[in-house]
Each structure stands twice: as C-alpha cells, then as structure tokens.
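Notes follow once the structure below has been shown.
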C-alpha cells in the first residue's frame, strides 16, 4: 500500500513518476529514453503471459508515469482499491485491471512493447 500511496501523492502533486523496486540497477540513465515515448505510462513487461495480467502485462517493479488527469484518476482508483490488492495478493493484477478501466474511460495510452532498455534485476540471497 505504501508504494501505491507514494506514487499517487507524487503524481497528484504535479510530478512525473519513475518508480522502481530496490533490486533494480541501471547501467545507464533511463530518463532520456523514457521522455521520447509519448504514452501516458510505460511499464516493464512482466513476462508472464497469464490471463491474470492481461492485456498490458505491466510489472509494478518498474514504471514511468506522466503526470496528467488520466494517470491521477488511475492511481486514485488504485489507492481506493487497496482491499482488492489484499484480496488478490497482487499489485500487478489490480494495477492491470485499473489500467484497462482507465484506457476504456479516458483513453489512457500505455506503452505495450517490451522495453529495450530494461533494468538489471539483482538477486540477493
């Protein structure tokens, strides 16, 4: 819940948001590449092609959100849907549902292609 709230508050305050989990390392600054993409949202591809994550397969471990009314609406729905995150035990499943809803209602543009500049995920045992 904390990461959802912090992202919502940052976006609602008027900022673009680059979120990543602590186990990701960048070999190069991703912002120049992200700013060339004209979509409202860019997500790391989850890689799992299960119905649970359709149609975007968005991974909540890394994403970039442009501050606009569509993103603020989607994040507000996600914050209010915290009980659903608890029920599904998945930020990703819940996020993909609200991305789909916001796309249908407000024409949210989600970058769907697998990112070519993916971060490196570290496994610490």
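The values are calculated or read from the model by the stated rules, or taken from the named source; none is laboratory data. Worth saying up front: this structure is predicted, and the values here are computed from it rather than measured. A quick note on method: Cβ atoms are made from the backbone with ideal geometry, for glycine too, and the neighbour counts reach across all protein chains shown.
Results, tabulated for the structure shown:
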| read-out | value |
| --- | --- |
| Qualifying residue in region 46-59 (condition: at negative phi, at pLDDT 85 or above and in contact with a strand residue (DSSP E or B) (Cβ under 7 Å, 6 or more places away or on another chain)) | no |
| Every residue from region 57-111 that is part of a helix (DSSP H, G or I) and touching a residue at least 60 places away in the same chain (Cβ under 8 Å) | 71, 72, 75, 76, 78, 79, 82, 85, 91 |
| Residue under evaluation residue 41, criteria (1) surrounded by 15 or more Cβ atoms within 10 Å (Cβ to Cβ); (2) within 13 Å of residue 111 (Cα to Cα); (3) at pLDDT below 90, criterion not met | (3) |
| Per-region count, region 89-116, residues modelled with pLDDT under 85, under 16 Å from the mean Cα position of the chain (by Cα) and closer than 21 Å to residue 37 by Cα | 4 |
| Qualifying residue in region 6-19 (condition: touching a residue at least 12 places away in the same chain (Cβ under 8 Å), within 14 Å of residue 99 (Cβ to Cβ), part of a loop (DSSP other than H, G, I, E, B) and within 13 Å of the chain's Cα centre (by Cα)) | no |
| Among residues of region 20-69, those that are within 20 Å of residue 89 (Cα to Cα) and within 13 Å of the chain's Cα centre (by Cα), counted | 15 |
